[in-house]
Amino acid sequence: MSGQAMPPLTAADLGLQTCHVCGLVSRAPPGAHGSLCPRCGAAVHRRKRDSIGRTWALLIAAYILFVPSNLLPVMRTASLTGTQQDTIMSGVVYLWVSGSWPLAALVFFASIVVPLVKLASLTFLLVSVQRDSAWRPLERTKLYRLLEFIGRWSMLDVYVITILSALVQLRSLATISAGPGAIAFGAVVVLTMLASKAFDPRLIWDTQNNDDA
């Protein structure tokens, strides 16, 4: 006995794989990278194919669109007194100055902080996997689950514009429409959600096992 702890076994080590459609755990054919789920017939892989490359592509596109999403107006308001265009930050400033501090903080957190944190966190997870890092795999897995949970709240600005556009019916007096920044912002949110789906968190534990071996 060497006294060294054996690395934990994974489902891949045991020849098992999970269907991402119905959740069935089945045994993979020997030597095969992927197969069909015996219950629903969906394609099943031990690890998501080209996970790192697809995640990087989606993440870089989200980084690029994040700039115009904050510089271009997300909402245009036309009334008898003139036309006003608001970016995300100008809307936050207006809410803060007008006394709606909780709403301003909520919009700032959901529309600026959350997307930035999600982009930075996904970048960190990708770099750590590519560097075969064995640092705190459980915490990194929890970080990924947290990103999955909070990602949907990044669409707050888009929801606000949609609700305002539906509520304002006096088109002869005022109209509210979405600006090009809203399109870019929505694309950033969708791309980050797709990037988190493309990333395979099981790669975190693969590097842990390789380091312990």
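Any read-out appearing in this document is the output of simple, stated calculations on the displayed coordinates, not a laboratory observation. Since the model is a prediction, treat every value here as computed from it, not as a measurement. With ideal geometry, Cβ positions are generated from the backbone for all residues, glycine too; neighbour counts draw on all protein chains shown.
Report the net charge of residues surrounding residue 45, where surrounding means a beta-carbon distance below 12 angstrom and charges are Lys +1, Arg +1, Asp -1, Glu -1.
Counting the neighbours of residue 45, the net charge comes to +3.
Once R0 is set to 25 Å, what does the formula 1/(1 + (r/R0)^6) return for the Cβ-Cβ distance between residue 14 and residue 63, expressed as a FRET efficiency to the nearest 0.05?
Efficiency for this residue pair is about 0.10.
Please find the FRET efficiency linking residue 78 to residue 116, where r is the Cβ-Cβ separation and R0 is fixed at 30 Å, and quote it to the nearest 0.05.
So the FRET efficiency works out to roughly 0.45.
Label residue 131 and residue 109 with points 7 Å out from Cα along Cα→Cβ: what is the distance between them in nm?
Between residue 131 and residue 109, the label points sit 3.0 nm apart.
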